[in-house]
Amino acid sequence: MVEENNKAQASNSDWTDKIEVQDEATSYADGDGGKILNQEEIDSLLGYHSEEYDENSPHAFKTGVHAILNSSLVSYERLPMLEIVFDRLIRLMATSLRNFTQDNVEVSLESIESMRFGEYIDALTLPTLLTVFKAEEWDNYGLISLDSSLVYSIVDVLLGGRRGTAAMRIEGRPYTTIELNLVKDMIQLILNDLSTAFDPITSVNFSYDRTETNPRFATISRLSNAVIVARLRVDMEDRGGKIDLMIPYATLEPIRELLLQMFMGERFGRDAIWENHLMEQLWETDVELKAVMKDVEVKFGEISSWKEGSFLPLEMFPNDDISILCGDVPLLTGSMGRKGKKVVIKVKGKAEKNG
């Protein structure tokens, strides 16, 4: 019994030594060989922010794993000429709104962003006034969003509100007909200025389509489609608000190559010297032509019986036209005659191409 107790104590001692060695190795690895992330670092890695996190914020999920999962439409090609268009727009809008409101108006461009249409709609702060406009030449639509503070500021200025007092804002009620009509006039000015801003690049007419207050009814594109959003700020002394100009990439597709220019009139892949050289060489190129009087189908047996002096009827009149072909392509028509020992052709015009 004494020997068995001694063996048990020795065995327990061995186990204790092994556990202590393992704990020392583990603590050594944790201390020097690796790093244990705390909760804040884990949240940052995954894209969450435990403090001041708002899922509906337009800046949510900008980092970490969520940024990777939601980055299918984050990277888009830059459109340099579109920045010039928006720069012209804010200068034109400042002049137009000063004349419209008879007040000191300042317009500034806050940012130009690319995002999904669904992200833009979800990030809208309600209440807001959404105006759908159409690009006539491009046969597609865009969206102008005015926040409520700008709407009430414009109405207050146009109806003679005092300077130095903030516009009265009544929550929970829809916009009245008078307010909508006043804002519609301002939106028409913005659309005219936007058309003028595009004039150096291309001629396009933006026309007013409709006004909505519910973002669900202002859907002009699929939620996953790419859009470009220009955020403008309008200040009228102590009053003002924000305007979002949203244009889908599909709307800009007809002038995509023009917007990709780094400067006005830039050419993509064209070499005028090579074009002129090619034109000169084409004029000096020899082309084989053939004159066809008429196509006639003859059986092989008849051809085998031909002899010198055999007669082949073509069923043609002397004034019938013949065709001049290059390969199998008809080019010209004319009449055939003889001058001395040579056969000549008088060209009458271009041949009609089949199909």
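The values are calculated or read from the model by the stated rules, or taken from the named source; none is laboratory data. If you're wondering where the values come from, they're calculated on a predicted model, not measured in any experiment. Ideal geometry is used to build each Cβ from the backbone, glycine not excepted, and the neighbour counts take in all protein chains shown. The accessibility values were calculated without ligands, DNA or RNA, using every heavy atom of the protein model including side chains. Shrake-Rupley method; radii C 1.70, N 1.55, O 1.52, S 1.80 Å.
Worth pointing out:
- Sole exception among (1) under 25 Å from residue 156 (Cβ atoms); (2) modelled with pLDDT under 85; (3) not charged (D, E, K, R) for residue 219, by number: (1)
- Residue that is farther than 23 Å from residue 110 by Cβ, touching a Cys at 6+ places or on another chain (Cβ under 6 Å) and among the aliphatic types (A, V, I, L, M), where the choices are 278, 258, 289, 282: 289
- Those strands (runs of 3 or more DSSP E) lying entirely in the range 195-311 with at least 1 residues open to solvent by less than 90 Å² (accessible area, probe 1.4 Å) and more than 30 Å from residue 343 (Cα to Cα): 206-212, 226-236, 239-248
- Remark: pairs (first residue in the range 180-206, of a type in the set (Gly, Ala, Ser); second residue assigned to a helix (DSSP H, G or I) and open to solvent by 20 Å² or more (accessible area, probe 1.4 Å); Cβ separation under 7 Å; 6+ apart in sequence or on different chains) = 197/88; 197/92.
- If the condition is being surrounded by fewer than 10 Cβ atoms within 10 Å (Cβ to Cβ) and in a strand (DSSP E or B), then the range 312-345 contributes 329, 338, 339, 342.
- Looking only at the range 85-109, and only at residues there that are under 20 Å from the mean Cα position of the chain (by Cα) and in contact (Cβ under 8 Å) with a residue 24 or more places away in the chain, the one that is farthest from residue 160 (Cα to Cα): 85
- For first residues located in the range 321-332 and over 10 Å from residue 348 (Cα atoms) and of a type in the set (Asp, Glu), partners that are outside any strand (DSSP E or B) and open to solvent by less than 70 Å² (accessible area, probe 1.4 Å) and lie 6+ apart or on another chain with Cβ distances below 8 Å do not occur.
- Once the range 117-137 is narrowed to residues that are in contact with an Asp or Glu (Cβ under 9 Å, 6 or more places away or on another chain) and open to solvent by 30 Å² or more (accessible area, probe 1.4 Å), the residue that is farthest from residue 188 (Cα to Cα) is 125.
- Within the range 92-140, tally of residues that are under 15 Å from residue 150 (Cα atoms) and assigned to a loop (DSSP other than H, G, I, E, B): 7
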